[in-house]
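Below: one structure, written as structure tokens.
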Amino acid sequence: AKDNGKNTVQFFVAGMDEAYSNTMVLETMMHKALNNNEFELHYQPRINVRTGALSGLEALIRWRHPEQGLIPPTDFIPVAEESGMINPIGEWVLRTACAQNKSWQDAGYPPFSVAVNLSVRQFREQNLVQLISDVLRETGLEPQYLELEITENLSMHNMEYVLSILHEIRTLGVKISMDDFGTGYSSLSYLKKFPIDHLKIDQSFIRDIQHHKEDHSIVKAIISMAHSLGMIVVAEGVETDVQSSLLHEMDCDEIQGYLISKPLSADKIRHFLESKDEQ
Ligand code: C2E
Ligand code: CA
Ligand code: CA
Ligand code: CA
């Protein structure tokens, strides 16, 4: 589901046959979208499975296109990654998520962290560490309230380089999460080397957890391995109470998914936070 960039291109510019020019057209469209403020962030809560307390929100981008309506990230992020537009878009996401989190704190809500997804290309082409520290300074958000989500595929690139950046990010006080764990190419020896605070088990392992013994065993093993490495474990895509209680039994730390909430606009997050306050 992550690599449907090809379908996307057709969806946007039906009638064009050159994949190359399609990407160029989309690149121009995304450039305009950035200038016209057509991107927005929705936020999905993640809670502590034992206490129910909010542990953080994940920022997820959407494109509010004047004609196409709300476009999901799976329709344009792969093309943005291919074309390089992911760099300015990723920078906008980081700045917006940090500024938004600071404004929730300023409004008096109990502080929580915001998680931002990073693409591999942002490691290669941006001075990421400088960017992160600039954004934290500009927005006034304290570093412990920012988390960066990376994927295992990062391990396929120059490891020494990637590790040095991750360590620098960690030194700033920012947290690092391994996203979609179990779907990528990394080996356990990489996992040991990565400086990771949270490990997010991919939703494909959670989906059938109550019916498939194998998935149940795998999730249980991941949780115990991650704990022995000192990581906090998050289960993604939790949709039912049964899944939630199984994960609780397996000693999973945090859950994220439609059971708790879909990703919500910043306005709706206020309602979510207020309803949590009353509990
Ligand atoms: P992801 O980082 O794995 O994000 C989780 C996706 O699962 C989100 O889809 C979320 O809406 C969806 N989801 C959450 N809970 C459930 C559930 O209970 N059931 C099901 N079936 N789905 C659930 P979304 O928002 O469409 O994002 C898709 C992907 O696009 C993300 O996957 C991430 O890889 C990418 N993405 C989103 N925003 C950004 C961004 O700002 N930058 C980058 N580089 N990638 C982004
Ligand atoms: Ca993510
Ligand atoms: Ca994920
Ligand atoms: Ca994903």
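Nothing in this text is a laboratory measurement; each read-out follows from the coordinates by a stated rule. This is a predicted model, so every value here is computed, not measured. Neighbour counts run over all protein chains shown; Cβ positions are idealised from the backbone, glycine included.
Averaging the Cα positions of each part gives two centres, and for the range 230-279 and the range 61-106 these lie 22 Å apart. Within the listed set Val25, Val162, Val93, the residue fluctuating most in the Gaussian network model of the chain (springs between alpha-carbon atoms under 10 angstrom) is Val25. The distance between label points at Asp251 and His167 comes to 3.0 nm (points 7 Å beyond Cα on the Cα→Cβ vector). In the range 155-279, inverting the average of 1/r over every pair of distinct C-alpha atoms gives 16.0 Å as the Kirkwood radius.
Shape annotation for the range 119-187: C-alpha extents along the principal axes are 36, 21, 17 Å, from largest to smallest. Largest first, the extents of the alpha carbon coordinates of the chain on the three principal axes equal 52, 42, 37 Å.
Around Leu259, what is the net charge, scoring Lys/Arg as +1 and Asp/Glu as -1 over all other residues with Cβ under 11 Å from its Cβ?
-1
Near Glu27: Cβ cut-off under 13 Å, other residues only, Lys/Arg at +1 and Asp/Glu at -1. The net charge is -1.
Between Leu34 and Lys262, the FRET efficiency from the beta-carbon distance, with R0 = 35 Å, is close to 0.90. Taking amide hydrogens as placed 1.01 Å from N in the peptide plane, the amide H of Glu239 sits under 5 Å from those of Leu259, each at least 5 positions away in sequence or on another chain.
Pairs spanning more than 25 Å between alpha-carbon atoms, out of Lys175/Lys213; Lys32/Lys200; Lys102/Lys175: Lys175/Lys213; Lys32/Lys200. FRET efficiency for the Asp134 to Glu274 pair, using the beta carbon distance and R₀ = 22 Å, is estimated at 0.10. Using C-alpha pairs below 8 Å separated by at least 6 residues, the relative contact order for the chain is 18 percent. For the chain, DSSP calls about 40 percent of its internal beta bridges antiparallel.
Close amide-amide hydrogen proximity is noted between Leu199 and Met178, Ile232, Val233, Val234, each under 5 Å apart and 5 or more residues distant or on a separate chain (H modeled in the peptide plane; Pro and chain starts excluded). Given the options Ala80, Ala99, Ala221, which has the most mean-square fluctuation in a GNM of the chain, springs set between C-alpha atoms less than 10 angstrom apart? The residue with the greatest mean-square fluctuation here is Ala221. The alpha carbons of the range 8-155 give a radius of gyration and a Dmax of 16.7, 54 Å, in that order. Could you compute the FRET efficiency for Val25 and Glu125, with r as their C-beta to C-beta distance and R0 at 30 Å, rounded to 0.05? The calculated FRET efficiency here is 0.85.
Between Phe194 and any residue 5 or more places off or on another chain, the built amide H atoms are never under 5 Å apart. With each label modelled as a point 7 angstrom along the Cα→C-beta vector, the Arg207-Thr183 pair spans 1.0 nm.
Per residue, the average separation of C-alpha pairs within less than 8 Å and at least 6 apart gives the range 104-166 a relative contact order of 45 percent.
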